[in-house]
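Student: I am attaching a structure below and will ask some questions about it afterwards.
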Amino acid sequence: MTNKSSSIGHYASKFVDLTADETVAFTAAFKEIKVKKRQFLVQPDFVAKHRYFVLRGALRAYVVGEEGQDHTIQLAIEEWWISDYNSYMFQQPASMFVMAVEDSTLLQISFEDEQRLKASGYKFETFFRILAERSAAFMQRRVITGLTQSAEQRYDRFVERYPAMANRFPQYVIASYLGMTTEFLSRIRHQKQRAKD
């Protein structure tokens, strides 16, 4: 079994019970690609043709506001998915950038291949439905956290829940993801460090 097959097959088995033949059909729909740090996978005004599963590396999806400030919408490291989902699902022009923050190895699946998989068996349909449900629930938690918690609470929650991400992404990316300036995040970190010392 290749690295690709074992990784994506093992991941899928957490959610659906695939037979050996179904695992082969599922993994065959994915193509392994390597991207360099700062390489774009999705850009605004172009349709997102793929969704990506991270084998190794770190990526972020972000939008740029009118004043040039970027706002990070999504982060992804190993065993996370990333794309501009509105663009991907509806095959319409993207509004986000998706960029590699590190040299990364990804598995990509095209919109057409995903549709073919779903049509070929209920287990594949179930797998992608579970992904969508988990993503919707995650985004709802993010919105509620952003509306109800202070900047410091948002940072504490992020570090507690996603320590690997806190160590992998630059401070400006984490600040952008948490909805604060880099300077404000730096102040929070310094205060916490002083409290420890």
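Student: Testing the spin-label approximation: label points 7 Å from Cα along Cα→Cβ at E125 and W80. State their distance in nm.
Tutor: In this crude spin-label approximation the distance works out to 3.1 nm.
Student: Using +1 on the beta carbon of Lys and Arg, -1 on that of Asp and Glu, and nothing else charged, what's the dipole of segment 3-120 about the Cα centre, debye to 20?
Tutor: Computed about the Cα centre, the dipole is about 300 debye.
Student: If R0 is 25 Å, what FRET efficiency do you get for M139 and A195 from their C-beta distance, rounded to 0.05?
Tutor: Efficiency at R0 = 25 Å is approximately 0.20.
Student: Continuing with the same structure: Starting from the Kirkwood radius over alpha-carbon pairs of the chain, derive D by Stokes-Einstein at 37 °C in a medium of 0.692 mPa s and give it in µm² s⁻¹.
Tutor: 182
Student: Moving to a separate point now. So which lysines can K37 reach, going by Cα to Cα under 27 Å and dropping same-chain residues fewer than 8 places off?
Tutor: Result set, ordered by chain and number: K4, K49.
Student: Moving to a separate point now. Please compute the length gained on full extension between N167 and Q43, using 0.36 nm multiplied by the number of residues separating them and subtracting their Cα-Cα distance.
Tutor: Residue separation times 0.36 nm, minus the Cα-Cα distance, leaves 42.0 nm.
Student: Starting from the Cα of R116, step 7 Å along the direction of its Cβ; do the same at E152; then give the gap between the two resulting points in nm.
Tutor: 5.5
Student: Distance between the C-alpha centers of segment 94-165 and segment 1-57? Whole Å please.
Tutor: Answer, in whole Å: 14.
Student: Next question. Pull up the cross-link candidates among the aspartates and glutamates for K123, meaning alpha carbon to alpha carbon under 13 Å and not fewer than 8 places away within one chain.
Tutor: D17, D21, E22, E114
Student: Here is a follow-up. Of A175, S95, G121, whose Cα points farthest to the positive end of the dipole of segment 93-180 (charges on the beta-carbon: +1 Lys, Arg; -1 Asp, Glu; origin at the Cα centre)?
Tutor: G121
Student: Can you report the principal axis dimensions of segment 3-120 using only the alpha carbons, biggest first, rounded to whole angstrom?
Tutor: 52, 28, 21
Student: Could you tell me which residue out of V35, Y11, Y62 lies farthest along the dipole of segment 3-120 toward its positive end? Charges go on the beta carbon: Lys and Arg +1, Asp and Glu -1, centred on the Cα centre.
Tutor: Looking along the dipole axis, the top candidate is V35.
Student: Once you list every other residue whose beta carbon is under 11 Å from the beta carbon of Y177, what net charge do they have if Lys and Arg are +1 and Asp and Glu are -1?
Tutor: Net local charge, Y177 excluded: +2.
Student: Which value in deg cm²/dmol, rounded to the nearest 500, describes the helix-derived mean residue ellipticity at 222 nm for the chain, given -39,500 (n - 2.57) per DSSP H run of n ≥ 4 and division by the residue count?
Tutor: So the helix-based figure for the chain works out to -16000 deg cm²/dmol.
Student: Would you mind counting up the charge near Q39? Only other residues with Cβ under 14 Å from its Cβ, with Lys and Arg at +1 and Asp and Glu at -1.
Tutor: Charge balance near Q39 sits at +3.
Student: Sort E114, E183 by Cβ crowding within 10 Å, fewest neighbours at the top.
Tutor: E183, E114
Coordinate-derived values only; no laboratory data. All figures in this text were calculated on a predicted structure; none of them were measured in a lab. FYI the Cβ positions are ideal-geometry reconstructions off the backbone, even for glycines, and counts take in every protein chain you see.
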